[in-house]
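Structure record follows, encoded as structure tokens.
The values are calculated or read from the model by the stated rules, or taken from the named source; none is laboratory data. This one's a predicted model, so the numbers in the text were calculated from it and none came from an experiment. Note: ideal-geometry Cβ built from the backbone for every residue, glycine included; neighbour counts use all protein chains shown.
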Amino acid sequence: MSDTMRTGFKPILSLLFLISYLALAAEAKDRASYPDTTRRAPGLVSAQGPYRPSRTLKNDIIHTKLHVQFDWLRQQVQGMATITFRPYFYPQSTLELDAKGFDIHAVYQLDTLRNGASAAGQPSREPLEYTYDSRKLTIQLRRPYTRQETLYVQIDYTAKPNEQPRGGADDHPTDKGLYFINADGLEEGKPRQIWTQGETEANSAWFPTVDAPNEKFIHDFFITVDSTFRTLSNGLLISSIPNGDGTRTDHWRQSRPHAPYLAMLAAGDFAVVKEMMPNGLELSYYVEPEYAQHAKAIFGRTPEMIAFFSNTFGVDYPWEKYAQIAVRDFTAGAMENTTATVHEEGVQADSRSLIDGNSDGVIAHELAHHWFGNLVTCEEWGQLPLNESFANYAEYLWSEYHNGDDEADWLNLQETRQYLAEAEQKQVPLIRYFYKDREGMFDSHSYAKGGRILHMLRRYVGDDAFFLALKNYLRSHRFDTAEINDLRLAFEKVTGQDLNWFFDQWFMRPGHPQLKVEQEFMASAQKVRLKVSQVQDTVATTVYRLPLKVDVWVANEKKTYEVVIDKSRQVLEFPATQRPDLILFDAEAQLLGTIEQDKNQREWVYQYYHADKFQPKYDALTQLEGKLADTTVRNLMVKAMTDPFWKIRQMAVSNFVEYDGPAFAAIERVIRSRARIDAHPQVRAEAILTLASYGDNANDNLFRDALSDSSYFVVSVALDSYLMNKPDDAGEVTARFENSPNDAIVASVGNYYANLAKPEHFDWFLEKMKRMKPTDKYNFLQVFGKYLIKSTPDIQRRSIPILEGLARNNQAYFVRFGSYQVLGLLTDIQGVASLRKDIRNSERDPKLKEMYTQFGEF
């Protein structure tokens, strides 16, 4: 918040800080020691947790025919699963299935799949004995069978996703597999929906299966729903048949094998917008009806992405269709279910909102999984980077292709920072044969670090070899599983090189290189010497082998040298007839690690003007912040405000906040120009914030004009800046915007109302917060907290049950946390402190419990 809310109270965390923290809180708190990455015998335990083998497959699930219908009142699933399977290799007399929290009504062995009847039309079902412990269903077959025999088992059951057994190994206390949204219809403005989320092993909460990533199967799902609902599932819609009782049964067929965690279904009131690719592939976008007209603006780059990834990976999109659906209260950002990606509701935006940024990154990420993860699947969750690192790097590849090198490199820098932030708390190998909790694999190591490692591998082997190796890897393991050695061998076969050193240091060991570079010019020898030290803990990690490039500018002429750093202490020498203008270590800015290299101001200035990549220019601006008293630096910042790349322009503009030095009038004119005409809304908004720091804005037409900007974000910033000085027309302006469809603008109005703290605005805050998407609701809670802290005690007391309800029941854990934090502003009121304690003790989500611990709440 912009002002101190109350002495002695903790301010609410900003969402950006919270998101950064959440990237760190996925697994253990302790930094890992040097791991033993060899495969030990099952049962052994390392510091990171027990050894995690891939699932032993006694039987192979070939096909599942599933009939489901839903009991909304009890939030249960009535199911009948007919499973086709055969022994994997060794003869088997039992079938073991994952089935969490079921009521098992009957189990039969069938002789054929013809509707449970023999070829002669006679019933062929034979009841089987079974044991069931609420997690595993073990079925006794009629006799031992060999792998040459195909068997059919039918299971009649009721799945109760809200009543699953808890407390088992790897159990996540909030995973349900299948979710009823607004089941009783009492939440005003919220649609009734059903959707599933299977990763990692939650789909066995709604249908029986071998719930492991190294299993692959095909399936036919028959989904019975209210006839007004739309359904979505994997594969193609085969039929849609009314039942004559107000319901309809949709038959979806997934005819190409995939892992059980990728199976899905969804049902609800959705608008469906379709388009067709030139090759006949159908694309469909499921959104809430109010977003139907914006669906192509949201997802409209998907056809180009499919063509781009098909060409880049060397393998055509391998599935029968591609659908994307936005659902309420989703438990993750998105999920790459085969042919049917699920997005959280925030992906929905009107066309004007998309001016401020789209969801192309996550759309590209989930689409790329259809090659890396769905077509070729990690054999065990400890190999998850084979899925997630590639999807993460696909975001870079798409940005590089669609937006240019600078945008991709800006993304690369953000991902690097995310990993480095996590590495301050946690350093583990990327590939983990030992770990405590499979959910902990979904961290910034598997995503951000893995993506950056792939970028380094690409730079080392070159584009041709990199993408040919990926093509071979995908083709060799299509519709199958893989582990890290399969990827290494694919690269070795293409390059003819032994790459074990690269895979060992980056995939199998924790940590990252930390380099210190010291520079010395030796005039008499006409050369420059670099002393390079690897200062990381080389016992806990390793001494890295680092092929990279060094650019040396002498007399304004650049020469590039390829070097290999492979010792803890190393000396490099380069010819230099005079003191170099600049030495740029890791000239391609591709190294995942840290580099400490002292440079003086002259060198940083030179670096900005001469570097041809984003990150060196960005680093130069960062190092020159706060030095505007120097004419050279000031002129550089003015020039940077017209840089071709928006992020550089934004940084330069932000350097002039509260500036009152030389050439102020001329500099202000440049900033005003950026505020009015810059092509990027982030730069226009930054310019408005900078101008606002100069004083009274109430009579400045620029701020009033910005209230009509095409960008919602710019309008929200201009609104905050304009209202800051309480202009005479503040009431008219806030009335104009208080019902804006954009939540950032509503938050700006709320910020103004918070300062007024009028009791009549209380209901306005509640009404606006009720309809907000989770991320916006978290941000708005901060504004609401500011309003409450300035309000009368009776208004504060009225807010307590609302905040308690959000803190206990909201589906988004960060909204629960934000509500809990706002309650922390009201602990002067009797009973609030004990209420917060009870909220903490009642919380089941491990992420949020960890946050309470990390922020000293326990």
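Sub-6 Å Cβ pairs linking a first residue in the range 545-572 that is closer than 28 Å to residue 501 by Cα to a second residue that is in a strand (DSSP E or B) and of a type in the set (Ser, Thr, Tyr), at least 6 apart or interchain, are 549/560; 550/561; 551/560; 569/533, ordered by first then second residue. The residues on offer are 462, 511, and the sole one that is surrounded by 15 or more Cβ atoms within 10 Å (Cβ to Cβ) and modelled with pLDDT of 95 or more is 511. The set of residues in the range 56-81 that are crowded, with 18+ Cβ neighbours inside 10 Å and either of a type in the set (Asp, Glu) or not in a strand (DSSP E or B) (or both) contains only 75.
Evaluate the following for residue 163: is it without any contact (Cβ under 8 Å) to a residue 12 or more places away in the chain and not hydroxyl-bearing (Ser, Thr, Tyr)? Judged against the criteria, residue 163 is not a match. Scanning the range 573-618 for residues that are among the aromatic types (Phe, Trp, Tyr) and buried (at least 16 other Cβ atoms within 10 Å of the Cβ) returns 574, 585, 604, 606, 608, 614, 618.
Quick grid of which residues meet (1) at pLDDT 95 or above; (2) part of a helix (DSSP H, G or I); (3) under 23 Å from residue 342 (Cα atoms):
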| site | (1), (2), (3) |
| --- | --- |
| 370 | yes, no, yes |
| 386 | yes, yes, yes |
| 395 | yes, yes, yes |
| 401 | yes, yes, no |
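For beta carbons closer than 6 Å, sequence separation of 6+ or different chains, a first residue in the range 270-291 that is part of a helix (DSSP H, G or I) and a second that is of a type outside the set (Asp, Glu), the qualifying pairs are 289/271; 291/348. Criterion first (of a type in the set (D, E, K, R) and within 24 Å of the chain's Cα centre (by Cα)) does residue 763 satisfy it? For residue 763, the condition - of a type in the set (D, E, K, R) and within 24 Å of the chain's Cα centre (by Cα) - is not met.
From 635, 655, 701, which residue is under 28 Å from residue 611 (Cα atoms) and free of Cβ contacts under 8 Å to residues at least 12 places away in the same chain? So the residue among 635, 655, 701 that is under 28 Å from residue 611 (Cα atoms) and free of Cβ contacts under 8 Å to residues at least 12 places away in the same chain is 635. In the range 203-246, which residues are assigned to a loop (DSSP other than H, G, I, E, B) and without any contact (Cβ under 8 Å) to a residue 60 or more places away in the chain? Those that are assigned to a loop (DSSP other than H, G, I, E, B) and without any contact (Cβ under 8 Å) to a residue 60 or more places away in the chain: 227, 228, 229, 243, 244, 245, 246. Note on the range 704-809: enclosed helices (runs of 4 or more DSSP H) holding 1 or more residues that are in contact (Cβ under 8 Å) with a residue 12 or more places away in the chain and surrounded by 22 or more Cβ atoms within 10 Å (Cβ to Cβ) are 712-723, 743-756, 762-770, 774-790, 793-809. Residue pairs whose Cβ atoms lie under 6 Å apart, separated by 6 or more positions or on different chains, with the first residue in the range 523-537 and within 16 Å of residue 577 (Cα to Cα) and the second part of a loop (DSSP other than H, G, I, E, B), are 526/577; 527/576; 528/576; 528/580. Scanning the range 388-408 for residues that are under 22 Å from residue 616 (Cβ atoms) and surrounded by fewer than 22 Cβ atoms within 10 Å (Cβ to Cβ) yields a count of 8. Answer with yes or no whether residue 272 is under 30 Å from residue 210 (Cα atoms) and not small (Gly, Ala, Ser). Taking the combined requirement at face value, the residue does not satisfy it. Residues in the range 655-690 that are surrounded by 15 or more Cβ atoms within 10 Å (Cβ to Cβ), of a type in the set (D, E, K, R) and part of a helix (DSSP H, G or I): 668, 672, 674, 684, 686.
Residue 834 satisfies every condition listed in (1) free of Cβ contacts under 8 Å to residues at least 12 places away in the same chain; (2) touching a Gly at 6+ places or on another chain (Cβ under 8 Å) except (2). Note on the range 745-771: residues that are within 30 Å of residue 332 (Cβ to Cβ) and out of contact with any Phe, Trp or Tyr (no Cβ under 6 Å at 6 or more places or on another chain) amount to 8.
A quick yes/no check of all residues on (1) of a type in the set (Ser, Thr, Tyr); (2) outside any loop (DSSP other than H, G, I, E, B); (3) in contact with a helix residue (DSSP H, G or I) (Cβ under 9 Å, 6 or more places away or on another chain):
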residue: 428; (1), (2), (3): no, no, yes
residue: 446; (1), (2), (3): yes, yes, yes
residue: 453; (1), (2), (3): no, yes, yes
residue: 456; (1), (2), (3): no, yes, yes
residue: 515; (1), (2), (3): no, yes, no
residue: 518; (1), (2), (3): no, yes, no
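Could you look through the range 313-352, keep only residues that are assigned to a strand (DSSP E or B) and of a type in the set (D, E, K, R), and pick out the one that is farthest from residue 367 (Cα to Cα)? Once the filter is applied, the top-ranked residue is 344. In the range 114-126, of all residues being within 27 Å of residue 57 (Cβ to Cβ) and either in contact with a Phe, Trp or Tyr (Cβ under 6 Å, 6 or more places away or on another chain) or charged (D, E, K, R) (or both), the one that is modelled with the highest pLDDT corresponds to 126. For the range 295-322, filtered to residues that are surrounded by 20 or more Cβ atoms within 10 Å (Cβ to Cβ) and without any contact (Cβ under 8 Å) to a residue 60 or more places away in the chain, the residue that is nearest to residue 368 (Cα to Cα) is 317. Is it true that some residue in the range 377-387 is touching a residue at least 60 places away in the same chain (Cβ under 8 Å) and surrounded by fewer than 23 Cβ atoms within 10 Å (Cβ to Cβ)? Yes, the range 377-387 has at least one match. For the range 694-719, the set of residues classified as of a type in the set (S, T, N, Q) and modelled with pLDDT under 95 consists of 697, 699, 701, listed by residue number.
Evaluated against (1) in contact with a helix residue (DSSP H, G or I) (Cβ under 7 Å, 6 or more places away or on another chain); (2) part of a helix (DSSP H, G or I); (3) modelled with pLDDT of 95 or more; (4) surrounded by fewer than 22 Cβ atoms within 10 Å (Cβ to Cβ), residue 829 falls short on exactly one condition, (2).
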